[in-house]
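The values are calculated or read from the model by the stated rules, or taken from the named source; none is laboratory data. Because the structure is a prediction, the values reported are computed rather than measured. Quick reminder, even Gly has a Cβ in these numbers, built from the backbone with ideal geometry, and neighbours come from all protein chains shown.
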Amino acid sequence: MLVALVDTLKQLRYQIAHIEDDTLKSEYPELSVFIQDVSLTVTESKAELKFLYQFLYVYGRKSEATFNRFRNELERFHLWSWLIQEKPVLSLKREDIEAYVDFMVEPDKEWSTTSVQWRYKDKQGIRLLNKNWRPFIARDSIASQQTLAAMFTALNVFYKFAILEEKAFANFVPVVKKNSPYLVVQSQIQIPDTLSDIQWEYVFGVTRDLCEKKPELERNLFTLACLKGLYLRISELSERPQWSPVMSHFWQDNDGFWFLRIMGKGNKLRDVTLSDDFLTYLKRYRIYRSLPALPRVDESHPLVHKIRGSGGMTVRQIRRLVQQSFDLAKKSLLDDGFTDDAQQLEAATAHWLRHTGATHDAQTRPLKHLSEDLGHAKIATTDQIYIQTNIKERAKSGLKRKV
């Protein structure tokens, strides 16, 4: 039976502290039995699990998203190494890593499920395994370029860390990646996923129009304005262990310009400029929440509030708000005869709103200003994604070629 090796980030410290004693056996009975059974063929498995916990703690405590990404990749790598190769992870050679890449491209069916599943659920102090959990989701069964890249990154970082900690003697991942027949060198023109003008008009407009009948949709409207109008990532609006977005993070300088201070990737703070149009929706949202029209420097109210409970919202909860507005727009598009736009909207995610806002504004804003508001470390990144200067110049210079 496949068993999840790692619980949540919140539970990780407990697993680290108790992996050596009987407490883990009583709280994680299925995991304890699994490790005991695996140890019969791979005696180092328990020590390797402890080292995996330490690695995830070091790299995951800064960002829960990083923890989740590394956890998923390295958990299934360890399970494969122990159960299929029947070898310790820290003794794998180049040919073993190559074999794992083959497995990633086409994993066994019993290793896959059709949906995201929780791993453990608490029942009277015991963390019970979800029997439906699997290391892979069905859509991962045919590995995409993005999936393979994420796998190589995780393994490379893990083995580098193991060498520094003197747990491994070599890192074969770079050479396997370089010679992998599955990786395609990206050279094609890549356009970011965005909503069309009519899709955005319906997503924002339908939500806004329904606010009169359903005032609770004011929260959706404000969320949409933040993600598209301020180019925010959904995680930047959410409640996190290191950061709680609150109204006092809006601030005004001496010249009357407004900004929003947020924490982005890598725990980097940046100040995003607010447009006059966005200020209109900020005031509207605050009045709906019975707050003064503009924030004060001492306000601790969460940026996006919960209707029930206290504090800010999680990534998953904010994603549901966006999806609700997408669904409302899709229905309205279908009713109005825009079938293609409605069907294409099914593929949209909350992150498309960031791309949509940046792509629209790239036509009118200075590249440096756009890059700083997006939080890109390099201005070339903004140009490559949203401006694509070289591509456009190349296309223009090729227009008058003769055949």
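Which condition number in (1) modelled with pLDDT of 90 or more; (2) surrounded by fewer than 22 Cβ atoms within 10 Å (Cβ to Cβ) is the one that Trp352 fails?
Of the numbered conditions (1) modelled with pLDDT of 90 or more; (2) surrounded by fewer than 22 Cβ atoms within 10 Å (Cβ to Cβ), the odd one out for Trp352 is (2).
Kindly check whether there is at least one residue in the range 181-198 that is free of Cβ contacts under 8 Å to residues at least 40 places away in the same chain and within 30 Å of Met313 (Cβ to Cβ).
Yes - at least one qualifying residue is present in the range 181-198.
How many residues does the range 285-313 contain that are assigned to a loop (DSSP other than H, G, I, E, B), touching a residue at least 60 places away in the same chain (Cβ under 8 Å) and crowded, with 17+ Cβ neighbours inside 10 Å?
So the count comes out to 3.
State yes or no: is Val272 under 30 Å from Gln11 (Cβ atoms) and either crowded, with 18+ Cβ neighbours inside 10 Å or among the polar types (S, T, N, Q) (or both)?
No; evaluated as a whole, the condition is false for this residue.
In the range 232-251, how many are of a type in the set (Lys, Arg) and either part of a loop (DSSP other than H, G, I, E, B) or buried (at least 21 other Cβ atoms within 10 Å of the Cβ) (or both)? Even if it seems obvious, please write down each step before you answer.
The first filter runs over the range 232-251 and keeps only residues of a type in the set (Lys, Arg), leaving 233, 240.
Then drop every residue that is not either part of a loop (DSSP other than H, G, I, E, B) or buried (at least 21 other Cβ atoms within 10 Å of the Cβ) (or both), which leaves 233.
The qualifying residues number 1.
Taking the condition touching a Ser or Thr at 6+ places or on another chain (Cβ under 6 Å), of a type outside the set (A, V, I, L, M) and in the same structural domain as Lys378 (by TED's automatic domain parsing), does Asn267 pass?
Taking the combined requirement at face value, the residue does not satisfy it.
Which of the numbered conditions does Ala99 fail, given that it passes all the others? Conditions: (1) over 25 Å from the mean Cα position of the chain (by Cα); (2) assigned to a helix (DSSP H, G or I); (3) touching a residue at least 24 places away in the same chain (Cβ under 8 Å).
Unmet for Ala99, out of (1) over 25 Å from the mean Cα position of the chain (by Cα); (2) assigned to a helix (DSSP H, G or I); (3) touching a residue at least 24 places away in the same chain (Cβ under 8 Å): (3).
In the range 315-345, which residues are small (Gly, Ala, Ser) and over 22 Å from Ser235 (Cβ atoms)?
Ala329, Ser332, Gly337, Ala342, listed by residue number.
How about the range 196-218: which of its residues are buried (at least 21 other Cβ atoms within 10 Å of the Cβ) and basic (Lys, Arg)?
Matches in the range 196-218: none.
So which of Glu110, Glu165 ends up being of a type in the set (Asp, Glu), in contact with a Phe, Trp or Tyr (Cβ under 9 Å, 6 or more places away or on another chain) and in the same structural domain as Phe51 (by TED's automatic domain parsing)?
Exactly one of Glu110, Glu165 is of a type in the set (Asp, Glu), in contact with a Phe, Trp or Tyr (Cβ under 9 Å, 6 or more places away or on another chain) and in the same structural domain as Phe51 (by TED's automatic domain parsing), namely Glu165.
Out of the residues in the range 196-231 that are more than 16 Å from Lys331 (Cβ to Cβ), part of a loop (DSSP other than H, G, I, E, B) and not polar (S, T, N, Q), state the one that is nearest to the chain's Cα centre (by Cα).
Among those that are more than 16 Å from Lys331 (Cβ to Cβ), part of a loop (DSSP other than H, G, I, E, B) and not polar (S, T, N, Q), it is Tyr231.
Pick from the range 145-185 the residues that are surrounded by fewer than 16 Cβ atoms within 10 Å (Cβ to Cβ) and within 14 Å of Leu90 (Cα to Cα): which of them is nearest to the chain's Cα centre (by Cα)?
Lys160
Enumerate the pairs (first residue in the range 242-253 and free of Cβ contacts under 8 Å to residues at least 12 places away in the same chain and not assigned by TED's automatic domain parsing to the domain that holds Arg270; second residue anywhere and loosely packed, with under 15 Cβ neighbours inside 10 Å and not hydrophobic (A, V, I, L, M, F, W, C)) with beta-carbon separation below 8 Å, excluding pairs fewer than 6 apart on the same chain, so at least 6 apart or on different chains.
Note: no pairs meet the criteria.
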